[in-house]
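One structure is given here, and the rest of the page talks about it.
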Amino acid sequence: VARNPGEHEFHQAVSEVFESLHRVLRKFPEYVDESILERICEPERQIIFRVPWTDDAGSVHINRGFRVQFNSALGPYKGGLRFDPEVMLGTVKFLGFEQIFKNALTGLPIGGGKGGSDFDPKGRSDAEIMRFCQSFMTEAYRHIGSMVDVPAGDMGVGRREIGYLFGQYKRIANRYEAGVITGKGTSWGGSLVRTEATGYGVVFFTEHMLAATGRSLDGTRVLVSGSGNVAIYAIEKIQSLGGLVVGASDSSGSVHDPEGIDLDLMREIKEVQRGRITDYAAQRGSAEFIEGRSVWAVAEKHDVDVALPCATQNELDESDAATLIKAGVTAVVEGANMPTTPIAIDRLREAGVLFGPGKAANAGGVATSALEMQQNAIRDSWSFEYTEARLAEIMEGIHTRCAETAEEYGIPGDYVSGANIAGFTRVADAMIAQGVI
Ligand code: NDP
């Protein structure tokens, strides 16, 4: 804490992982002897840079850019870029730290990293977004590469931004290095299923968790927070498996839609018009807008079986957990990174609610990014069906790894510890094998 002052989210992420590790450290003292804990929470490299850009009126703005290259024991650094006014070094470090273990859990050869900027894309024109992305990449290009560090999207960075970033990389580096960034358009090196992958993956993981206790998603009532990339495709997959999604949200408030979210309308508003959740409520007769409240408020009005927080960190707190428990929730599975506060996790687990941590449940996005890197490396592109089948197989593997690790350490059903231990041991073993570097 003294070494990284003010980085609260980073401290939270590190302590959550370390709390799971005491059993491992007793069993394998070499991790202590080799100072793996000290080494693993110090990034290999952190880059902070100025991002100057000009708005449409000709005014100059300065933002701060970040890339934290956290751990390359398993492969090139891999992790998204987040553009959000609240981004600071501690945010990027928390996300990068989580990414190390998430990437390890996929079983694929990718290290952990993360980046972003405190730039606020909301309300900016396409031309402003393009100028910002070009300026960001004018510095970032020196630090990335398909064998070095491979960024992708995250909050505020979707297909459009990836296009502008890749275009500027190509221009400066003078080479078509498709594998330098993932989340590209499918006609220029992107992978089918990447857009859907995180949301679909969360639902595949949820299905396996429910199946392990003899249940399924069919007929369940579900709340999903957010209405961005992860939320939209989680909603799509839940509905295709027979679940009813009765609420979604954005940062202005939430909607309660007892007839189930109309996904075509939601996609039109969010993906095409870049509108707000209020626009959805205004155009959907069965929906009610709940201003300024999170989607968990819907659980005060509606029974809920499954909750998927898919918006942002620390968005589900102790009182939200109590509301969900009262509404009958039996499983909470994280689509976002660290959306549930530690105390809320404790309350849910004490109440017997199944809990799926983000670093396992939302790994489908980065796993499909790694599949995009594979396709780029062999200059091929795979069909939707094949790629989705690979994603499903990877999510099943992650579920099995978490569940079996929890069993092995005498804590069956504890997916948090299972994920932390399985991810940690894979990275730690590689670090030991590669020496003190
Ligand atoms: P998007 O930017 O596409 O969507 C984020 C959504 O969350 C928006 O609807 C946004 O609303 C909403 N939101 C943000 N802050 C709040 C808040 N305080 N309360 C309620 N809603 C809020 O991002 P993604 O869907 O890509 O990412 C969501 C989460 O999933 C993040 O934690 C991200 O790190 C994680 N993740 C994403 C992956 C991916 O492949 N995209 C992969 C793995 C994890 P508004 O528009 O009002 O801001």
* Structure fact -> GNM on the chain, Cα springs under 10 Å; top mean-square fluctuation among N420, N174, N63 goes to N174
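As a test of the formula, what do you get for the chain when each DSSP H run with n ≥ 4 contributes -39,500 (n - 2.57) and the sum is divided by the residue count, at 222 nm and rounded to the nearest 500 deg cm²/dmol?
On the way: 17 runs with 196 residues, N = 437.
Taking each H run of at least 4 residues, the total per residue is -14000 deg cm²/dmol.
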* Structure fact -> Here, trypsin sites (Lys or Arg not before Pro) of region 348-437 satisfying both criteria (DSSP loop; at most 14 other Cβ within 10 Å) are R379
* Determine, from the Cβ-Cβ distance of E393 and D346 and an R0 of 51 Å, the FRET efficiency 1/(1 + (r/R0)^6), rounded to the nearest 0.05. => 0.95
* Asked: Going by average Cβ neighbours within 10 Å, how do the peptides 116-128, 214-226 rank, with the highest at the top?
  -> 214-226, 116-128
* **Within region 196-361, percent of DSSP bridges classed antiparallel, to nearest 5** => 40
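To the nearest 20 Debye, how big is the dipole of the chain about its Cα centre, given +1 on the beta carbon of each Lys and Arg and -1 on that of each Asp and Glu? Each step should come with its number before you reach the end.
Values: 43 positive and 59 negative charges, 259 e Å.
Dipole size: approximately 1240 debye.
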* To do: Using the charge dipole of the chain (Lys, Arg: +1 at Cβ; Asp, Glu: -1 at Cβ; taken about the Cα centre), state which of T138, L265, M431 has its Cα farthest towards the positive end.
  => T138
* Structure fact -> Counting only DSSP beta bridges with both partners in region 8-189, the antiparallel fraction in percent, to the nearest 5, comes to 70
* Each residue of region 197-210 in turn: what ³J(HN,Hα) in whole Hz from Karplus with 6.51, -1.76, 1.60 and θ = phi - 60°, glycine and Pro shown as x? -> 4, 5, x, 4, x, 4, 6, 4, 4, 4, 4, 5, 4, 5
* ³J(HN,Hα) computed for each position of region 223-234 - Karplus, 6.51 cos²θ - 1.76 cosθ + 1.60, integer Hz, glycine/proline x -> 10, 10, 8, x, 8, x, 4, 5, 4, 4, 7, 5
* **Among G199, G80, G158, residue whose mean-square fluctuation peaks in a GNM of the chain (springs only between Cα atoms under 10 Å)** => G158
* To do: Over 31 Å between C-alpha atoms is what I'm after, so list which of K93/K301; K170/K237; K102/K122 land there.
  => K93/K301; K170/K237
* Asked: Scattering from the C-alpha atoms of the chain alone, worked out with Debye: what is log10 I(q)/I(0) at q = 0.06, 0.08, 0.14 1/Å?
  -> -0.23, -0.41, -1.36
* Loop-resident sites, region 131-191, for trypsin sites (Lys or Arg not before Pro), counting at most 11 other Cβ within 10 Å (DSSP) -> R175
* To do: Identify the chymotrypsin sites (Phe, Trp or Tyr not before Pro) of region 134-233 meeting these criteria: DSSP loop state and at most 14 other C-beta atoms within 10 Å of the C-beta.
  => Y176
* To do: Name the residue, out of A327, A234, A212, whose mean-square fluctuation peaks in a Gaussian network model built on the chain with Cα pairs under 10 Å.
  => A212
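Classify region 264-401 from the C-alpha gyration tensor, please: rounded if a/c falls under 1.5, else prolate or oblate depending on whether a/b exceeds b/c. Mind showing how you got there, number by number?
Numbers: a/c = 2.51, a/b = 1.32, b/c = 1.90.
The shape class here is oblate.
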* **Antiparallel DSSP beta bridges within the chain, percent to nearest 5** => 60
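No value in this document is a laboratory result; all are computed from the given coordinates. These numbers come from a predicted model, not from an experiment. Cβ atoms come from the backbone with ideal geometry, glycine included; neighbour counts cover every protein chain shown.
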